[in-house]
Amino acid sequence: MATSGRRPSGFVSLLLLLAGILLFWMTVPNLGTAARAATADGPRGTFTAARLVCVGHSGHTSCEWSGTFRSDDGTVELAGVKLYGSGRDTFEAGQTAPAVDVGNAGRVYAPTGSRSWIITVVLVVVAYVLLVAVARRHLMPPSSPGEKARSITTPCR
């Protein structure tokens with residue numbers, strides 16, 4: 001990669017560093033939950049729909065059913081949880097469906113698992129790339145002008 005020999009911008013590097021740290025801070029703690037959601041790893045039970053909760057943003061409305069979860073063995077009982085992936089037409093109040101508690105506060109998942117892990121992994125990779133970019137900009141010694149000239153004029157054999 002050719003460089004201009006200028007010092008990297010401290011402001012841009014600071015922004016990249018802060019963005020990378022923020023993304024890591026937001027995503028890394030959720031990797032375990034995302035993996036459990038992907039594989040539906042947790043106590044299996046029954047979700048009972050109580051009410052439809054809708055949120056509108058940017059001209060789009062997203063709805064999920066809120067209700068209770070009770071594990072098959074009766075050891076886990078959760079109230080006010082949402083069934084991930086349930087939509088407006090999924091249930092009527094009082095209907096039940098099989099579900100899994102993967103340890104994500106306020107949310108249970110279908111026993112088939114979830115693809116919500118994909119965005120978590122993508123954000124971790126983006127955070128890693130940002131931090132590597134900052135490290136390369138400031139920790140790698142710049143190449144000297146003589147090295148650049150040799151690499152450009154040296155013929156391939």
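I need the full set of residues from the stretch 80-123 which are free of Cβ contacts under 8 Å to residues at least 12 places away in the same chain and not assigned by TED's automatic domain parsing to the domain that holds residue 16, in order please.
89, 105
For residue 42, which of the numbered conditions (1) at negative phi; (2) buried (at least 17 other Cβ atoms within 10 Å of the Cβ) fails to hold?
Looking at each condition in turn, residue 42 falls short on (1).
Pick from the stretch 110-127 the residues that are farther than 25 Å from residue 20 by Cβ and crowded, with 16+ Cβ neighbours inside 10 Å: which of them is farthest from the chain's Cα centre (by Cα)?
110
The values are calculated or read from the model by the stated rules, or taken from the named source; none is laboratory data. As the structure is a computational prediction, the values presented were derived from the model and not from experiment. Backbone-built Cβ (ideal geometry, glycine too); neighbour counts: all protein chains shown.
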